[in-house]
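One structure is given here, and the rest of the page talks about it.
The values are calculated or read from the model by the stated rules, or taken from the named source; none is laboratory data. Values in this document were obtained by computation on a predicted structure and should not be read as measured data. Counting neighbours? That spans all protein chains shown, and the Cβs are built from the backbone with ideal geometry, glycine included. What goes into the accessible areas is simple: the full protein's heavy atoms, side chains included, and nothing from ligands, DNA or RNA. Shrake-Rupley method; radii C 1.70, N 1.55, O 1.52, S 1.80 Å.
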Amino acid sequence: MSARWVQHSFVPHMHDFYAISLNYGGRGAFDCRGQAYDASPCTCNLIAPRELHTGRAASDYGWAYRNLYIEPSLMASLFESLDWKDPLEARFESPLVSDEILASRLARVFESLSETNSLLQNESLLLSVVARLISNHFTSHQPVGKIGRENAAIRRVKEWLDEYSVQNVSIQTLARMVTLSPYYLVRTFHKQVGVAPHRYQTIMRVHHARKLLAAGRPIAEVASEAGFCDQSHLNRCFKQSFGIAPGKYVKAETI
């Protein structure tokens, strides 16, 4: 959810889900646990299920923020993906935190979810947010484990992505393939290959798309056949890799 409130004030209320927010414009204020909090830009609001709180704008511009609403059942699944060992009824140490790493990871999640992107990318970025919450902000801290060398597992995932890059695969599926936890796989893959699995998948898709374009295939067909969500997804990823959009690449190839 993306919102900007100017005059509206929230009465004391609670949710039945986790609310993870990034404050990015204006200023807000809310009451929680008998204390008032100043929600300034780049801070993060962390509200657990059934935690009573209010909310109101505290500047003329209003209060602008983005929220991730995570159902407890999904959070439980994410905990398992990170080898969480404590009870699931975990609370946050504080309803408001100033954490540049968490804020940066949240910003990347919101950017990814607001565009058409692969399931692998969205899942991996969401796991990175929950990993930061687990290691730094839940009342029961659990450090994210160190990564080792998983040569055979990483080689198998890499070879699978080479062959099946067009598939909209889940990080859970890749992790089960090599019996590693999903987030551990993401981190180990990044260390050994140089990029995360979702980025490697995109690289393979872009190269496949380039070959199809060079063979004279229409751009719309190429987007679908190479595994992109739609043509705009292809355009964005292709330009990030080659500096020009597919249409210009095709024209350059025919000159």
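In the set (1) part of a helix (DSSP H, G or I); (2) more than 14 Å from S21 (Cα to Cα); (3) open to solvent by 10 Å² or more (accessible area, probe 1.4 Å), S112 fails one condition alone, (3). Right, S140: in contact (Cβ under 8 Å) with a residue 40 or more places away in the chain, under 30 Å from D83 (Cβ atoms) and open to solvent by less than 40 Å² (accessible area, probe 1.4 Å) or not? No; evaluated as a whole, the condition is false for this residue. For region 75-97, a residue qualifies if it is within 25 Å of D31 (Cα to Cα) and either part of a strand (DSSP E or B) or in contact with a strand residue (DSSP E or B) (Cβ under 8 Å, 6 or more places away or on another chain) (or both), and the qualifying residues are M75, A90, R91, F92, E93, S94, P95, L96, V97.
How many residues, within region 1-20, are closer than 20 Å to S112 by Cα and of a type in the set (A, V, I, L, M)? Residues in region 1-20 being closer than 20 Å to S112 by Cα and of a type in the set (A, V, I, L, M): 4 in total.
How about region 18-74: which of its residues are within 22 Å of the chain's Cα centre (by Cα), touching a residue at least 40 places away in the same chain (Cβ under 8 Å) and not in a strand (DSSP E or B)? Hits for region 18-74 are C42, T43, A48, E71, P72. Based on this model, can you work out whether S104 counts as farther than 11 Å from V129 by Cβ and either assigned to a strand (DSSP E or B) or among the hydroxyl-bearing types (S, T, Y) (or both)? When the stated conditions are applied, S104 does not pass them. N117 passes every criterion in (1) part of a loop (DSSP other than H, G, I, E, B); (2) surrounded by fewer than 17 Cβ atoms within 10 Å (Cβ to Cβ); (3) modelled with pLDDT under 95 apart from (2). Across region 216-255, the qualifying residues are those that are part of a helix (DSSP H, G or I) and of a type in the set (V, I, T), and the one among them that is least open to solvent (accessible area, probe 1.4 Å) is V222.
Condition test on D60, is it over 18 Å from L102 (Cβ atoms) and loosely packed, with under 13 Cβ neighbours inside 10 Å? Spelling it out, D60 is indeed over 18 Å from L102 (Cβ atoms) and loosely packed, with under 13 Cβ neighbours inside 10 Å. Evaluated against (1) assigned to a loop (DSSP other than H, G, I, E, B); (2) at pLDDT 95 or above, R156 falls short on exactly one condition, (1). Considering region 171-180, and only residues there that are open to solvent by less than 20 Å² (accessible area, probe 1.4 Å) and out of contact with any Lys or Arg (no Cβ under 6 Å at 6 or more places or on another chain), the residue that is farthest from A131 (Cα to Cα) turns out to be L174.
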